[in-house]
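Written out below as structure tokens is the structure these notes cover.
Any read-out appearing in this document is the output of simple, stated calculations on the displayed coordinates, not a laboratory observation. All figures in this text were calculated on a predicted structure; none of them were measured in a lab. Quick reminder, even Gly has a Cβ in these numbers, built from the backbone with ideal geometry, and neighbours come from all protein chains shown.
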Amino acid sequence: MTSLVESVTTPAAAAATATATASPLANVPRVPIPPNGVDYRGKIVLAPMVRSGELPSRLLALKYGADLVWGPETIDRSLIGAERRVNPRNGTIEFTRIPSNGGRVEKTAKPSVIYRLDPVREKGKLVFQMGSADPDLAIQAAKVVAADVSGIDLNSGCPKPFSTSGGMGAALLRTPDKLVSILEALVREVGQPYQIGISVKIRILETPELTSALVTRLVRTGITGLTVHCRTTPMRPRERAIRDQLRMVKDICHEAGIPCVMNGDVESRDHGLALMEEFGVDGAMIATSAEANSSCFRSEADGGLAPWRDVVYEYMKFCLESENKLGNTKYLLNMLIPGKDKAFAEAKQCKTYLDFCRKLAFDDLLTHAASVDEILDLTTKWSSAPGEEQPRSKAVQNAMQSESARAAGGNSARSKSTSQPAHTGGPIRTSSIPDANKPAKADPSDASIPAPQAIPQSEVSA
Ligand SMILES: Cc1cc2nc3c(=O)[nH]c(=O)nc-3n(C[C@H](O)[C@H](O)[C@H](O)COP(=O)(O)O)c2cc1C
């Protein structure tokens with residue numbers, strides 16, 4: 001398929017054309033961006049990151065100035081058949097499914113959240129990234145989320161065996177026919193009907209000739225963006241990115257009117273802007289620097305890097321608002337808290353949100369933390385309950401866990417809370433999206449967050 005390319009006709013563009021010698025981008029044609037899509041030009045963006053790119057991290061990046069955020073790679077099959085629901089407590093959209101055990105669906109299991117997004121704060125800014133090696137599966141999966149995101153990006157760069165063994169990720173760089181067919185299918189069956197953009201993220205190949213041949217094919221598929229990670233597939237993350245091929249990739253993209261985003265060792269917004277200027281690319285994507293401190297998206301002029309404690313506080317608030325899985329929160333805290341600080345070792349011991357907020361002295365978050373622990377069935381792991389001064393002994397915690405397990409009719413220590421839901425069925429409200437500027441309050445008397453015991457277990461995120 002050939003890209004529809006339109007000439008730049010805006011007054012600003014006309015002025016830019018008049019000064020073509022001054023600006024290398026002035027005469028660049030542009031693919032039209034669909035009405036529900038988003039233009040990657042001029043953007044400093046959060047990279048897709050499995051584990052590190054869940055909703056709270058994305059909200060954190062946006063808070064500090066990221067222009068767009070990519071979600072973590074989600075495999076097509078995991079999304080097909082997922083149910084879309086609106087979390088009545090915080091208005092987030094959750095795609096859930098009952099976990100299957102070796103293909104056998106556990107009837108008693110709670111739905112687990114495959115993907116969560118914020119329709120207010122991520123509106124116009126979220127790109128969903130997919131792992132796929134099959135056009136039909138890619139279409140089916142993309143349709144599940146297409147109405148709720150601004151773009152679908154195909155991961156064609158992940159070198160990890162879980163991705164490449166199924167022919168996905170970087171394996172697609174070796175099967176360009178397949179890669180092209182997936183992109184064309186997504187453009188035709190998802191991009192056009194939903195009026196969103198389809199894009200691809202690749203790595204460079206071993207030689208400029210190989211990369212050039214691949215990119216030349218990709219820009220003809222109808223995509224509206226291409227990100228190039230300036231490392232080859234075998235390169236490890238700690239090896240410095242190679243930017244020798246970047247101008248060539250950018251030139252091929254620009255000839256076809258496609259925005260080109262660079263990735264690899266971009267450290268901050270200011271650094272990204274400088275690299276965009278130097279290489280003539282349209283955008284810059286940041287991964288590991290954002291994982292370490294998301295305030296890298298804030299320019300020096302606006303304050304630059306924030307102290308880790310401020311960043312962690314903001315992150316914790318987003319985790320509580322999102323009811324983020326504790327294991328995921330812990331993973332990113334591990335990245336955000338410097339290893340040499342004593343809070344690092346202390347945080348490692350925490351098993352609940354209440355304990356985290358106590359250890360980090362986030363006293364104003366304690367009530368909210370306790371209520372989220374209730375929602376996530378974590379109260380039996382509290383080292384001490386709210387208001388208790390002494391930590392619970394291990395024996396008391398064990399006894400509470402067994403008691404909880406018995407009450408739920410199971411043997412597992414990770415069983416359901418004994419609290420009775422006030423109602424057990426009914427549709428989840430879809431009109432309760434809160435004002436993004438008013439974070440949900442922790443006080444259980446606040447109607448926007450029901451008291452923990454009033455939350456039906458069927459609606460609780462795993
Ligand atoms: C924890 C982690 C998870 C990642 N997951 C993905 C992913 O889901 N999809 C993807 O295309 N790349 C993924 N990557 C690669 C990054 O998006 C990015 O291409 C790479 O880290 C290079 O950028 P950097 O030099 O800024 O770190 C991941 C990287 C990290 C560190």
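Points worth noting:
- Coupling constants for segment 160-177 follow from the phi torsions by the Karplus curve (6.51 cos²θ - 1.76 cosθ + 1.60, θ = phi - 60°), and in residue order they are 6, x, 4, 8, 6, 5, x, x, 8, x, 5, 4, 5, 5, 8, 10, x, 4 Hz; glycine and proline get x.
- Glu388-Thr207 pseudo-label distance in nm [points 7 Å out on the Cα-to-Cβ vector]: 6.8
- Peptide packing for 70-82, 375-387 was compared via the average number of neighbouring C-beta atoms within 10 Å per residue; ordered from the highest value, the list is 70-82, 375-387.
- The slack in the chain from Lys348 to Val120, taken as 0.36 nm per residue of separation less the alpha-carbon distance, amounts to 78.8 nm.
- Linear extension gain, Ser181 paired with Ser165, 0.36 nm per residue minus alpha-carbon span: 3.9 nm
- Cross-link table Lys43/Lys381; Lys63/Lys201; Lys143/Lys178; Lys43/Lys359; Lys125/Lys325, entries beyond 31 Å C-alpha to C-alpha: Lys43/Lys381; Lys43/Lys359
- Trypsin sites (Lys or Arg not before Pro) restricted to segment 187-284 and DSSP loop, no more than 11 other C-beta within 10 Å: Arg238, Arg240
- For Cys230, the residues whose modelled amide H falls within less than 5 Å of its own, excluding neighbours fewer than 5 places apart on the same chain, are Asn263, Gly264.
- Paramagnetic reach from Met248 (point 7 Å along Cα→Cβ, amide N under 18 Å) across segment 163-179: 173-174, 176
- Note that segment 249-262 has calculated 3J(HN,Hα) couplings of 4, 4, 4, 5, 4, 5, 4, 9, x, 9, x, 10, 9, 9 Hz, one per residue in order, obtained from phi through the Karplus relation 6.51 cos²θ - 1.76 cosθ + 1.60 (θ = phi - 60°); glycine and proline are x.
- Each peptide in 36-43, 338-345 was scored by the mean count of other Cβ atoms within 10 Å over its residues; highest first, the order is 36-43, 338-345.
- The peptide list 143-154, 173-184, put in order of mean Cβ contacts within 10 Å with the highest first, becomes 143-154, 173-184.
- Distance between the pseudo-spin-label points of Arg240 and Gln195 (7 Å out from Cα toward the beta carbon): 4.7 nm.
- When DSSP beta bridges are restricted to pairs lying wholly in segment 31-302, around 25% turn out antiparallel.
- Total charge dipole magnitude, segment 185-240, about the Cα centre, Cβ charges on Lys, Arg, Asp, Glu only, Debye to nearest 20: 200
- C-alpha center-to-center spacing [segment 260-319, segment 184-245] in angstrom: 22
- When each of Leu333, Leu366 is scored by the number of other beta-carbon atoms lying within 10 Å, the sequence from fewest to most is Leu366, Leu333.
- Amide H contacts under 5 Å for Gln129, placed H, 5+ residues apart: Gly71, Thr74, Asp153
- The string of couplings for segment 126-135 from the Karplus curve (6.51, -1.76, 1.60, θ = phi - 60°) is 9, 10, 8, 9, 10, x, 7, 9, 8, x Hz, one whole number per residue in order, with x for Gly and Pro.
- Local electrostatic count at Leu305 - Lys and Arg +1, Asp and Glu -1, tallied over other residues with Cβ under 12 Å: -3
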